[in-house]
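Heads up: the structure comes next, in structure tokens.
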Amino acid sequence: MQKKISFLSSFFLSAVLVSLSFAASRTPGSLELFLEPMDTQGWQIYMITDAVTRRVTKAELTVLPLVKKDAQGNFSARNGEQELEEARRIAVIGAAYKSRMRDYLSARVFDMSSEGWKNAAVFAGINPEELAAKVAESGSSELEKAYARGTVLNADTSSLFIDGELYDGSQRVNSVFDAVNNALPASRRVPLPKGYVPPEKKPVPPLYAVLPEGAKKNDQLVRVFDRWFEGIKAESSHYDAVKDKFSWLEFLPSYILPATEDVKKAFSDFIAAGEFKYVKPEKEGETGWVVYEDRRDIGFYPNKPVRENTLELYIMSQCPYGVAAGNVLYKALKDGLLPEKYKLELHFIGNAFRNEQGEWQFSSMHGDNEWKEDARQLFIAKHYPDKIADYILERNKDVMSEDWKKAAKAVGLNTAEIEKGETEARELLAADFAIAESLGIGSSPSFISEGRSFFVGLGPVYKLKGMEKLSGVAQSAAPAGSCN
């Protein structure tokens, strides 16, 4: 009795057939670029590859959309439905208008709006209505072929393959040029300029990406390091696996290089500006380390004490995103939507220093009125903790106004007592700014949950354990973003 071919077997069979068809038609110097249509880095790779293949004309470039499938077997794209629809168009153009693909993409990159594809199609000599009809008719089947090829090559992000091998070298036009040119037989290569001698490349130091559990290295950040050390690669490890070697780390993710003379010279300005850290060697004769802490998204303080049921909120009082975060959280606190015995702790971001007379001087992103408001809120939080939520919610109705007393009186605060405490308020502010600075926090709003987990922006708050009661209305009302 003949057995039925399972869905999974059928898929792998089609993937193998697609792979064989690619291999059969491929000649040395064949390039396959997998592109996520709404991925900025993907477009950078495309523009570099396009420039290279206009120079190395004997190389053959095929552009394929990169898509995934969800648990139900449906196509999905990392950046949503608009990206998926663009992926279908690219798949169809590759099948029906292959010679016009690069003209389409070169125009599309300048207009990524939902309707921008029409102008790109016209530029490439394609009737937009005809393209739309073909996408409706065969878009999914052509996408299936691209997906099968991407699965064979294990394409996970926007990436370039040369003769079926992933190009993982430097994202520099000359580096890609060298790789593509050298993939060709000598008779088909583009010669280098007469008399040109390539410069000797600097030694490439190791780069260690030490990550919190569940995190992946930031490939875009690694490419930034490549500007100084061409071809640098990051060796990824989770902190638990390397904590004996890097026990001194204060924040994860951290990107670490040995502090050789070349490394210190390359990043000296960033070290002086405090953007990189120089960690002195523990023993004589060792090199020490140069460290970049990636605080743009989520992170972890591996050696801070755990603080259960505590959410630390770091804001600038006149930052619109900080105001929105304060409104959502302090209203939730008043409405009993936060977990029982939960502590919401208020902190501020700014700069403080003493002048020659020993007096505190302050600066804040949105001006003097902002740091003065920061100081008042810290004073109220300390001396009138049962009023701070009411005051913040009332004050945030018109936080840019200099008339803070109106809000204070509205919630029953004694404004004379607050004014009398101005000196203490400034001391509180100086100490508080120092806390944010010591933790490397500069974006409003930023959060530390349970003493260790760090993130920027209000969105992750809704995913914290115990925050299920925060309503979707509150979530949609808060703008996404931060003041930096």
Every listed condition ((1) farther than 27 Å from G367 by Cβ; (2) in contact (Cβ under 8 Å) with a residue 40 or more places away in the chain) holds for A325 save (1)
How do the pairs read when you match residues in the range 399-427 that are farther than 27 Å from P320 by Cβ with residues anywhere that are surrounded by 18 or more Cβ atoms within 10 Å (Cβ to Cβ), using Cβ under 7 Å and keeping only pairs 6 or more apart or on different chains? G421/F379; E424/F379
Quick one: how many residues across the range 100-132 are of a type in the set (A, V, I, L, M, F, W, C), at pLDDT below 95 and more than 21 Å from L61 (Cα to Cα)? 1
Kindly provide the set of residues from the range 24-57 that are surrounded by fewer than 20 Cβ atoms within 10 Å (Cβ to Cβ) and part of a loop (DSSP other than H, G, I, E, B), ordered by number. R26, T27, P28, M38, D39, T57
Restricting attention to the range 262-288, report how many residues are under 19 Å from V224 (Cα atoms) and either in a helix (DSSP H, G or I) or more than 28 Å from the chain's Cα centre (by Cα) (or both). 10
Quick one: count up the residues across the range 69-99 that are crowded, with 18+ Cβ neighbours inside 10 Å and either assigned to a helix (DSSP H, G or I) or at pLDDT 95 or above (or both). 12
So which residues in the range 303-331 are among the polar types (S, T, N, Q), under 19 Å from W404 (Cα atoms) and not in a helix (DSSP H, G or I), if there are any at all? S317, Q318
Condition first: under 20 Å from D70 (Cβ atoms) and in contact with a strand residue (DSSP E or B) (Cβ under 6 Å, 6 or more places away or on another chain). Can you find one or more residues in the range 157-172 that meet it? yes
Filter the range 173-193 down to the residues that are in a helix (DSSP H, G or I) and in contact (Cβ under 8 Å) with a residue 24 or more places away in the chain, then identify the one that is farthest from L64 (Cα to Cα). R188
Select from the range 227-254 the residues that are surrounded by 13 or more Cβ atoms within 10 Å (Cβ to Cβ) and under 18 Å from R296 (Cβ atoms) and list them in ascending order. A234, S236, L249, E250, F251, L252, P253, S254
Counting just the residues of the range 115-128 that are assigned to a helix (DSSP H, G or I) and touching a residue at least 12 places away in the same chain (Cβ under 8 Å), which one comes out nearest to M38 (Cα to Cα)? W117
Test L160 against the criterion of being in a helix (DSSP H, G or I), within 26 Å of the chain's Cα centre (by Cα) and either within 23 Å of A59 (Cα to Cα) or not assigned by TED's automatic domain parsing to the domain that holds I45 (or both), and give yes or no. no
Report yes if some residue within the range 366-379 is surrounded by 14 or more Cβ atoms within 10 Å (Cβ to Cβ), touching a Ser or Thr at 6+ places or on another chain (Cβ under 6 Å) and not acidic (D, E); otherwise report no. yes
Sole miss for M112 among (1) within 32 Å of the chain's Cα centre (by Cα); (2) outside any loop (DSSP other than H, G, I, E, B); (3) of a type outside the set (D, E, K, R) is condition (2)
Residues being more than 32 Å from the chain's Cα centre (by Cα) and in a loop (DSSP other than H, G, I, E, B): count how many of those fall in the range 348-376. 5
If we scan the range 136-154, do we find a residue that is outside any helix (DSSP H, G or I) and surrounded by 20 or more Cβ atoms within 10 Å (Cβ to Cβ)? no
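The values are calculated or read from the model by the stated rules, or taken from the named source; none is laboratory data. Everything numeric in this text was worked out from a predicted model, so none of it was measured. Positions of Cβ are backbone-derived with ideal geometry, glycine not excepted, and every protein chain shown enters the neighbour counts.
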